[in-house]
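Below: the structure, in structure tokens.
What follows is calculated from the coordinates using simple rules that are stated; it is not laboratory data. Keep in mind that what you see is a predicted model, and the values were worked out from it rather than measured. Here the Cβ is made from the backbone with ideal geometry for all residues, glycine too, and neighbour counts use every protein chain on show.
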Amino acid sequence: MALLPVDEAKARILAGVAPLAAENVKLAEAAGRVLATAVTAARDQPPFPASAMDGYAVRGGDVAEVPVSLKVIGMAAAGHGFRGRVGRGEAVRIFTGAPMPRGADTVVIQENTAATATGAVTIRERPRPGQHVRQRALDFARGETLIAAGTRLSTRDLGLAAAANRALLRVRKKPLVAILATGDELVAPGRKPRADQIVSSNGQGLAALARHFGAEVRDLGIVRDDLGATVRAIKRAAGADILLTSGGASVGEHDFVLAALKRAGVTVDFWKIAMRPGKPFMYGRRKRQHVMGLPGNPVSALVCARLFLKPLLDALLGVGGDAAPTEARLATAIGANDGRQDYVRATLDVAADGGRLVRPFARQDSSMQRTFREAQCLIIRPPFAPEAPAGSLVPILILDF
Ligand code: AMP
Ligand code: MG
């Protein structure tokens, strides 16, 4: 079987994928969720002309010449409007957030006034007409679209939605991702491995990545390298939108995943792609379920998840796809590439000229999670890219998870 190019693999995974259904969530639970329906303002904000400062509400015409003394006829505070009307020669004591009293159009800040004992105030500096007044709907007007559908909700989105009086938000259901690690050598973190065993990290890394990009996770644990056991474990993923397996994806005598997927009813679309790390990646579907057979090496598994799972989650959540890769300048030369698209772990620094300088790690073994953790980006090396000398611009994918 020829190796499938990365872009083609991605296109085949995303073919025909539509966003999941929507549900309502309270604002307090909406962080990180993806809006299914735009947030529009249920009201004007502010809903009335309001004072932006502590001071006195006056008629602009009364304070054209200063100093001038005005009669203080009442008070307006936040939540306590003044019911009367400000007439010629009059002022109202006012505080930030209070509705402007009728008749008044300008606020003189307290610092530019002097209150007198006789219930008057002396205005010492001339304000600009309309100064320190927030007009009605300054922030937003009823009916305006404030946050577009497809937005992953940030903290600022939630504050704005609250101000717009939207206590419930309509968001996409979280895709459910079932995760199965395979391998006789694996024990769960926290357990004591035998001398010939290692600690399984893929389950944790993949779960964290899936959650980070908006999924809910069902951990199916670790299954030993046995066909029947793997088939049974795969069947436990029924109901999940996506099944991820890790390991057992190569051609060794202990690699049972491909056979197990087929036996469990998965129609395998492709196996093996033209990339490094991650060549043994496989993909198929079982009814509506997407199945990704990820390589066992932790860096390969996570790079494949970033490249293929993340776009699939985006599509199921209805968020826009990835932005195009950016570029950075190579700190050291990279040799010519072979037929596989390389994703090279690298650090990213700001160069003396303010540009971005990318420095690949010398060792790129796909078992090395520490360099993956320390990398800030992956340099993308297209198939058959010629040698890239130091100083040349190369495309990079920022590692933001
Ligand atoms: P495999 O694809 O099963 O041959 O695994 C390739 C390499 O990845 C082997 O060195 C495995 O020990 C390792 N590996 C597989 N699964 C995991 C896992 N869940 N956590 C850490 N390493 C793993
Ligand atoms: Mg294995």
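Give me the percent relative contact order of the chain, please, defined on Cα pairs under 8 angstrom at least 6 residues apart.
16 percent.
If a/c stays under 1.5 just call it rounded; otherwise compare a/b with b/c (prolate if a/b is bigger, oblate if not). Do that for segment 188-252, with a ≥ b ≥ c from the square roots of the Cα gyration tensor eigenvalues.
It is oblate, given that a/c is not under 1.5 and a/b is not larger than b/c.
Determine one quarter of the surface area of the Cα convex hull of segment 352-401, which equals its mean projected area, and express it in nm² to one decimal.
One quarter of the hull surface, i.e. the mean projection, equals 4.6 nm².
Step through the table entries Lys10/Lys235; Lys10/Lys262; Lys235/Lys287; Lys174/Lys262; Lys174/Lys310; Lys235/Lys310, compare each Cα-Cα distance with 19 Å, and write down the pairs that go over it.
Where the Cα-Cα span goes over 19 Å, the pairs concerned are Lys10/Lys235; Lys10/Lys262; Lys174/Lys262; Lys235/Lys310.
What's the exposure ranking of Cys304, Cys377, going from fewest to most Cβ atoms within 10 Å? All intermediate terms of the calculation are to be shown ahead of the outcome.
Details: Cys304 31, Cys377 24.
With the fewest neighbours first, Cys304, Cys377 line up as Cys377, Cys304.
Kindly state, as a whole number, the per residue volume in cubic angstrom of the convex hull around the alpha carbon atoms of segment 208-300.
101 Å³
What is the order of Val257, Val171, fewest Cβ neighbours within 10 Å to most?
Least crowded to most crowded, the residues run Val171, Val257.
Of Asp157, Asp338, how do they rank once you tally other Cβ atoms within 10 Å and put the fewest first?
Listing Asp157, Asp338 from fewest to most nearby Cβ atoms yields Asp338, Asp157.
Using label points projected 7 Å from each Cα along Cα→Cβ, tell me how many nm separate His254 and Arg363, to one decimal.
Reported label-point gap for His254 and Arg363 is 2.2 nm.
Ordered by packing density, taken as the mean number of other Cβ atoms within 10 Å over each peptide's residues, highest first, how do 161-167, 368-374, 350-356 rank?
Descending packing order for the listed peptides: 161-167, 368-374, 350-356.
Just for the chain, what percent of DSSP beta bridges are antiparallel, to the closest 5?
Details: 55 of 83 bridges.
Roughly 65 percent of the DSSP beta bridges within the chain come out antiparallel.
Looking at the calculated P(r) for the chain, what percent of the C-alpha pair distances fall above 35 Å?
On the way: 39368 of 80200 pairs.
So the pairs more than 35 Å apart make up 49 percent of the total in the chain.
In the P(r) worked out for segment 253-401, what percent of Cα pairs fall beyond 22 Å? All intermediate terms of the calculation are to be shown ahead of the outcome.
Values: 5105 of 11026 pairs.
Result for the distance tail: 46 percent.
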